[in-house]
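The numbers here are math on the coordinates, done by the rules we state, and not lab data. Quick caveat: nothing in here was measured; it's all calculated off a predicted structure. Cβ sites come from the backbone with ideal geometry, for glycine too, and all protein chains shown count toward neighbours.
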Amino acid sequence: MRRVRVPLGKRGYDILIGENLLPGLGAHCSRLRFGKRALVISDKTVARLYGSQVVNGLAEAGFEAAIHAIPAGEQAKSLENVQVCYERCAKHRLERNSFIVALGGGVVGDLAGFVAATYLRGINFVQAPTTLLAQVDSSVGGKVGVNLPAGKNLVGAFYQPKLVLCDIVTLKTMEEREYRSGLAEVIKYGIIYDAKLFGRLEKSMDRLMRREEGILSRVIERSCAIKGEVVRQDETEGGLRAILNFGHTIGHALEAISQYGKYLHGEAIAIGQMAAARLSQMRAGLSASDVRRIKTVFESAGLPTEVVLSGGETRDLLNAMKLDKKVSNGIIKFVLAEKIGKVKFGCEVPEKSVLAALTTAHGRHS
Ligand code: NAD
Ligand code: GLY
């Protein structure tokens, strides 16, 4: 088993990564000296696959655990489901020292984390992520929240878990497209922070695509360590944490203009990261060979790197970018790469460069 510490002083916590960890979740929770009562929040798909292992493990460790499953999918990340979860917490008589376990992907983690952050003004919270995206990104760092009809993640909090437990065996049951989508976040860590990780991904993508445990656990460990280090330095996104959004400004806008139906998040940010790489070549000195390496690695993970947009769609995309939460005073700031493994943030980029970065790939310069 691998262990990564997120060093946030009193709010610091361990991320445990390994095989067959879920049945032992109860034993780890005992060590954290939580109260007796626990609510596992999951989604219907994940609860069917892994719910009983977790609930039985908690019971064996002496906890009184109940499970509540929301429908699977992004639509469930809503205030309506927060309300249903609060009612479930009350019915199961959770107290201040009780705890909530988020068992599932990023949707469950964000929603259950928000319930934990707010029920009784905050109760203990454990993340048991079951998707690659959740294991390398959303379960770490304390961003929790839900969507509003007006937009994604508009209501939320920073609320750190007490433990993150990544059982990599769960990744075996993920759908292929969802799994690949998670790889886009892993590749991001290589580009923004760690040229050695990027090199390892170039060399070992075939083994990662086969979900081989050895490489998978090393790559998840390194991704979590990078995210933990960035969060240690800037927990509430005053500055540095913005580097985690490399490729996300364009990616989020692409998800929004396609009504969150066409692209999975990882697919949209793969396209966004490629556009950001081209922007970086134009404005931050990223070499043409690094841009080629980035494209090749996304392609080897089976991820899209280009999008063809009509004039109207391009206008919609630019407008959607201006609605991004990270925009201030109408100025869109980008994270740009100087070389693989090193980025800078807060870069103002004129609209015509964004347009060029979106169209260069298929030769339609504006
Ligand atoms: P998800 O939670 O919707 O899971 C994807 C699908 O996979 C779901 O249908 C789910 O039921 C299924 N699934 C989950 N684990 C499975 C398993 N082991 N086997 C089989 N099926 C499984 O999606 P996601 O990609 O994990 O997370 C996306 C969410 O994460 C978004 O809402 C996004 O906003 C959020 N997010 C949050 C942060 C953060 O820092 N808090 C960071 C990135 C993304
Ligand atoms: N996923 C971006 C962040 O946690 O800041």
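Could you go through the stretch 35-40 in sequence order and give the Karplus-derived ³J(HN,Hα) for each residue, using 6.51 cos²θ - 1.76 cosθ + 1.60 with θ = phi - 60°, rounded to whole Hz, and x for Gly and Pro?
Going residue by residue, I get x, 6, 9, 9, 10, 8 Hz, with x marking Gly and Pro.
With a ≥ b ≥ c the root eigenvalues of the C-alpha gyration tensor of the stretch 275-359, is it rounded (a/c under 1.5), prolate (a/b larger than b/c) or oblate? Please list the in-between numbers first.
Details: a/c = 1.97, a/b = 1.26, b/c = 1.56.
Here the stretch 275-359 falls in the oblate category.
Among ALA242, GLY266, ALA276, flag the residue with its Cα farthest along the positive direction of the charge dipole of the chain, charges on Cβ as +1 for Lys/Arg and -1 for Asp/Glu.
Ranked along the dipole, the leading option is ALA242.
Relative to the Cα centre, what is the charge dipole magnitude of the stretch 138-294, using +1 at the beta carbon of each Lys and Arg, -1 at the beta carbon of each Asp and Glu, and rounding to the nearest 20 debye? Mind dumping the intermediate values first?
Numbers: 23 positive and 18 negative charges, 59 e Å.
Result for the stretch 138-294 is approximately 280 debye, rounded to the nearest 20.
Return the long-range amide H neighbours of TYR263 (sequence gap of 5 or more, or a different chain), with a cut-off of under 5 Å between placed amide H atoms.
Answer set, sorted by chain and number: none.
Can you classify the stretch 214-262 as rounded, prolate or oblate using the Cα gyration tensor, where a ≥ b ≥ c are the square roots of its eigenvalues, rounded means a/c under 1.5, and otherwise it's prolate if a/b beats b/c and oblate if not? Mind showing how you got there, number by number?
Details: a/c = 3.72, a/b = 1.37, b/c = 2.71.
Note, shape of the stretch 214-262 comes out oblate.
Taking H placed 1.01 Å from N in the peptide plane, check which residues at least 5 places from PHE125 or on another chain put their amide H under 5 Å from its amide H.
Result for PHE125 returns ILE100, LYS162.
Could you sort 162-171, 315-324 so that the peptide with the highest average Cβ count within 10 Å comes first and the rest follow in order? Show your work: numbers first, answer last.
Details: 162-171: 22.7, 315-324: 16.1.
Averaged packing, sorted descending, gives the order 162-171, 315-324.
Kindly write out, for the stretch 77-83 in residue order, the coupling ³J(HN,Hα) from the Karplus curve 6.51 cos²θ - 1.76 cosθ + 1.60 (θ = phi - 60°), rounded to whole Hz, with x marking Gly and Pro.
Result, rounded to whole Hz: 7, 10, 5, 4, 6, 4, 4.
Shape verdict for the stretch 45-185, please, from the Cα gyration tensor: rounded (a/c under 1.5), prolate (a/b greater than b/c) or oblate. Present the calculation step by step, with values, prior to reporting the outcome.
Values: a/c = 1.60, a/b = 1.12, b/c = 1.43.
The shape class here is oblate.
Antiparallel DSSP bridges in the chain: what percent, to the nearest 5? Could the numbers behind the result be given before it?
Numbers: 16 of 42 bridges.
Antiparallel: roughly 40 percent of the beta bridges in the chain.
May I ask which residue of ALA116, THR131, GLY302 lies farthest towards the positive end of the charge dipole of the chain, with charges of +1 (Lys, Arg) and -1 (Asp, Glu) on Cβ and the Cα centre as origin?
With unit charges placed on the Cβ atoms, the residue in question is ALA116.
Quick check for me: using +1 on Lys/Arg Cβ and -1 on Asp/Glu Cβ, what's the dipole size of the stretch 265-345 about its Cα centre, in debye to the nearest 20? Before the final figure, lay out each step's value.
Details: 13 positive and 8 negative charges, 88 e Å.
Here the stretch 265-345 has a charge dipole of around 420 debye.
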